[in-house]
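Nothing in this text is a laboratory measurement; each read-out follows from the coordinates by a stated rule. The structure displayed is predicted, hence computed values, not measured ones. Every residue, glycine as well, gets a Cβ built from its backbone with ideal geometry; the counts of neighbours run over all protein chains shown.
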Amino acid sequence: MNEFWQTCVSRLEQDIPPQQISAWIRPLVPLAYDETQAVLRVAAPNRFKLDWVRKNYSLRIEELAAEWFHRPVQVTFELAQGRAGLAPAPVPAAPAPIPAPAIGLLPTETPLPAEVPASSVFQADTGTQQATRIEAPTLVLASQATGQAVYDRSRLNTDMTFDNFVTGKANQLARAAALQVAENPGVSYNPLFLYGGVGLGKTHLIHAIGNAMVQAGTGSKSKVRYVHADQYVSDVVKAYQRKAFDDFKRYYHSLDLLLIDDIQFFSGKNRTQEEFFYAFEAMVAQRKQIIITSDTYPKELAGIDSRLISRFDSGLTVAIEPPELEMRVAILLRKADSEGMPMPEEVAFFIAKHLRSNVRELEGALRKVLAYARFHGRDVLTVEMCKDALKDLLSVSNGQITVENIQKTVADFYKIKVADMYSKRRPANIALPRQIAMYLAKELTQKSLPEIGDLFGGRDHTTVLHAVRKISDARTKQTELNHSLHVLEQTLKG
């Protein structure tokens, strides 16, 4: 069991940023594997971690378990009952390398070279007091610098590019803005602020920008850095503990492109926000590009200083919405093809029709289907096979959102009565929310247009179609409406 779990964590480290591995994966403890039922039990230290891991990583862990045990495996998560009774212990992080002797100069006397990753100064945490001096840099001739060195210090994921980013109505504006920024960093849209729910492609897009700069040649001459907000917080804490704020500021203020993911993790971190504000001001003043992602609109960020929110609003803010049906189908077809098992369109349509929330969920479902097919020796994917492989997921998704729930949520949001959804009254303060509810019913449920019309007071299907088209077109042109729809969608999806 211990060998399997160590292998599992190692594989997850290839897909998940280090700070997320430390926060969510390493605290987990494998309890037992039931060979008869093919069930793997895993313990989490608290309810919050349990719910998060179950929602975001369970499918990937099931896939890795299926590869290891050579059969489909169900992973169940439960709360740890007591550390003493758990075995084996969580997989420890790899020990940090022992730094080379300091070079005998104070940090302020030697600027942080581009070739030295920030991690060598700020990210390693051995749990012991460390010297505040910078590790002696290895001399590298300019002619010996390679593209790989750029990626090592930038922490870019080379697999995330514009070429393999599937585009649809839900993300076309965000992709266009990202391309513009990649071509004209520091000139167009600074900062670029991308927001949307989990698994919609925000991280993919910002990595694509950095990769595009490197491929164009600008990145090899520039200092590019991708950092998750949680890691930035950790960098600030370590700089404070080691009295190394001069090094910290010199590094981050000297960047040409800063890609910072999940800014909502700054909430309540006052010192971190202060340092980021100074870095933000320094970079923008020098026309250096900043790109930020979040799970919500800037003004909706809780616990973030108003100065930062005003800076976020000073650039371009773009939402990434959940993928529409056609886009979900395209994602599945492309991903299946890249896995070497082409998927019939009717199979992709079946999966896309039932799983709507985000790209990550789609990819997890596809991995589960492929593992199921390989285990049963199937060369051709079918709808019936998908029903068997995804029966747990489908049973959950089918009961998620109802038209009645949509009507109540929209009515509450716009402060009208639920009965107004069925009435024949047509004042603007009622007609617009009713059209929005019809649009959401079409997008978030499997009801047909006539069925939706019946649930809105017996309206004709053409009335529903008109509402769907009107709201779909309006959300691409009206920022406030688009934001309201985003809030409603996130509320309905929980």
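What number does region 325-398 give for Rg over Rh if you use C-alpha atoms and the Kirkwood radius?
A ratio of 0.91.
Using a cut-off of 10 Å between beta-carbons, work out the net charge of the residues near V468 (Lys and Arg +1, Asp and Glu -1, V468 not included).
For residues surrounding V468, the net value is +1.
How big is the gap, in Å, between the Cα center of region 38-56 and the Cα center of region 382-455?
Between the Cα centres of region 38-56 and region 382-455 lies a distance of 31 Å.
Highest mean first, what order results for 4-11, 433-440, 469-476 on Cβ atoms within 10 Å?
Most protected by this proxy first, the peptides run 433-440, 4-11, 469-476.
According to a simple spin-label model (label point 7 Å from Cα along Cα-to-Cβ), what is the distance in nm between E78 and A474?
Simple spin-label model gives 5.1 nm for this pair.
Using a Förster radius of 25 Å, what is the FRET efficiency between V39 and F375 based on their Cβ-Cβ separation? Nearest 0.05, please.
That pair, V39 with F375, gives E of 0.95.
By how many nm would the segment from E451 to D412 grow when fully extended, if each residue of separation counts as 0.36 nm and the alpha-carbon distance is taken off?
So the extension gain works out to 11.8 nm.
At what distance in nm do the modelled label points of R271 and M1 sit from each other, each positioned 7 Å from its Cα along Cα→Cβ?
Taking the two extended label points, one gets 4.0 nm.
Cβ neighbours within 10 Å, averaged per peptide: list 260-269, 340-349 in order, most packed at the top.
Answer by packing, highest mean first, reads 260-269, 340-349.
Separation between the E345 and T462 pseudo-spin-labels, each 7 Å from Cα along Cα→Cβ, expressed in nm?
Going from the E345 label point to the T462 one covers 2.9 nm.
What is the local net charge at F162, summed over the other residues whose Cβ is closer than 13 Å to its Cβ (Lys, Arg +1; Asp, Glu -1)?
-2
Largest first, please: the extent of the C-alpha atoms of region 200-355 along each principal axis, to the nearest Å.
Answer, in whole Å and largest first: 59, 37, 30 Å.
Compute the signed sum of charges (Lys and Arg +1, Asp and Glu -1) over the other residues within less than 11 Å, Cβ to Cβ, of Q490.
With Lys, Arg at +1 and Asp, Glu at -1, the neighbours total -3.
Which part of region 452-485 falls in the paramagnetic zone of Q172, meaning amide N under 16 Å from the point 7 Å along Cα-to-beta-carbon?
Under cut-off, by backbone N: 469-478.
To make sure I understand, if each residue's beta carbon is the centre and we count other beta carbons within 10 Å, what order do V29, V487, V369 fall in, fewest to most?
Starting with the residue having the fewest Cβ neighbours, the order is V487, V29, V369.
Using only Cα atoms, locate the centre of region 305-380 and the centre of region 184-252, then give the distance between them in Å, rounded to an integer.
Distance between centres, Cα-based: 25 Å.
Given K335/K447; K49/K269; K424/K470; K447/K493; K299/K477; K202/K269, which pairs have Cα atoms separated by over 25 Å?
K335/K447
Would you please classify the overall shape of region 403-493 from the alpha carbon gyration tensor, given that a ≥ b ≥ c denote the square roots of the eigenvalues, rounded means a/c under 1.5, and beyond that prolate means a/b larger than b/c while oblate covers the rest?
It comes out rounded by the Cα gyration axes.
Taking every pair of distinct Cα atoms and averaging 1/r, then inverting, what Kirkwood hydrodynamic radius in Å comes out for region 2-85?
13.0 Å
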